[in-house]
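For reference, the structure is listed below as structure tokens.
Every read-out reported here was derived from the displayed coordinates using simple, explicitly stated rules and does not represent laboratory data. These numbers were taken from a predicted model, which means no experiment stands behind them. Every residue, glycine among them, receives a Cβ derived from its backbone with ideal geometry; neighbour counts consider all protein chains shown.
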Amino acid sequence: MSTTSTAVPSDLATGTWAVDASHSEAAFTVRHAGISKVRGTVAITSGTVVVGEDLASTSVTATLDPASISTGDAGRDGHLKTADFFDVEQFGEWTFASTAVRPAGSDHVIVGDLTIHGVTREVELATEFSGTAVDPFGNTRAGFEATTTISRKDFGLTWNAALEAGGVLVSDKVVITIDASIIKQA
């Protein structure tokens with residue numbers, strides 16, 4: 001595919017594809033205390049990719065469950081679910097809805113509205129298509145990896161603690177990586 005092509009990948013059939021939640025995840029990385037990184041995951045509970053004849057008629061939607069957050073530390077996970085951070089009691093769902101898909105060299109950028117903590121912001125997901133395969137059960141699958149970087153403050157996530165030597169406990173910048181497996185629907 002040329003850098004100016006608006007075609008979808010040739011082995012990605014047009015039509016509706018459902019996100020396979022059991023084989024997809026959203027992961028995040030945030031700097032902690034300015035010296036290390038904390039990594040975690042959030043479950044993608046549902047999603048749909050509608051592949052059109054070209055990129056302009058292609059769309060992506062997804063829903064994530066912030067109550068599923070996992071960083072490998074139960075105490076930290078519990079704190080992230082409180083009103084200090086994600087307030088999962090009040091904001092129990094995160095969503096993404098694409099507004100455009102455009103080429104970026106041999107890859108693509110999916111532009112869309114990400115809603116976290118009741119706040120919606122436009123993000124750009126640098127997306128790499130991993131190809132298609134037919135699984136042992138006869139399902140046609142496709143894979144993608146997408147990344148973006150967001151500001152916590154842009155989503156109203158401002159909790160922090162000052163460090164004795166200067167700086168803060170949790171950085172503002174969060175890198176999000178999505179690995180998605182989608183299944184072609186009949």
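Between Thr6 and Val111, full extension at 0.36 nm per residue minus the direct alpha carbon distance yields a gain of 36.3 nm. Extension gain for Arg102 to Ala186 (0.36 nm times residue separation, less C-alpha to C-alpha distance): 27.6 nm. Among residues other than Ala100 with Cβ under 14 Å from its Cβ, the summed charge is -3 (Lys and Arg +1, Asp and Glu -1). Taking a straight Cα-Cα cut-off under 18 Å and skipping sequence neighbours fewer than 8 places away in the same chain, the lysines within cross-link reach of Lys173 are Lys37, Lys153. Annotation: aspartates and glutamates with alpha-carbon distance below 13 angstrom to Lys81 (same-chain offsets under eight excluded): Asp65, Asp73, Glu89, Glu93.
For Val8, the residues whose amide H sits under 5 Å from its own are Leu55, ignoring neighbours fewer than 5 places away on the same chain, with H placed 1.01 Å from N.
For Thr82 and Glu53, the difference between the fully extended length at 0.36 nm per residue and the C-alpha to C-alpha distance is 6.1 nm. How high is the FRET efficiency between Lys37 and Glu145 when r is their beta carbon distance and R₀ equals 22 Å, given to the nearest 0.05? After rounding to 0.05, the efficiency reads 0.75. A simple spin-label model places the labels of Asp154 and Ser70 2.8 nm from each other, with each point 7 Å out along Cα-to-Cβ.
Near Ser130, the amide H atoms lying under 5 Å from its own belong to Gly143, Phe144, Glu145; only residues 5 or more places off or on other chains count, and H is placed 1.01 Å from N.
Each residue of the range 114-122 is assigned a 3J(HN,Hα), and the resulting list reads 9, 10, 9, 6, x, 10, 10, 9, 6 Hz, derived from the Karplus form 6.51 cos²θ - 1.76 cosθ + 1.60 (θ = phi - 60°), x at Gly and Pro. The distance linking the range 61-93 with the range 99-125 is 22 Å (Cα centroid to Cα centroid, whole angstrom).
Can you give the longest run of the chain that contains no GluC sites (Glu not before Pro) sitting in a DSSP loop with at most 11 other Cβ atoms inside 10 Å? Walk me through the intermediate numbers first.
Numbers: sites that count: Glu53, Glu89, Glu164.
In the chain, the maximal stretch lacking such sites is 90-163.
Which net charge results for the neighbourhood of Thr158, defined as the other residues with beta-carbon distances under 11 angstrom from its beta-carbon, given Lys and Arg at +1 and Asp and Glu at -1?
Numbers: positive: Arg152, Lys153; negative: Asp84, Asp154, Asp172.
Once all neighbours under 11 Å are counted, the net charge is -1.
Once the Cβ-Cβ distance of Thr132 and Thr29 is raised to the sixth power relative to R0 = 35 Å, the FRET efficiency obtained is 0.80. With K and R counted +1 and D and E -1, the other residues having a Cβ less than 13 Å from that of Ile183 yield a net charge of 0.
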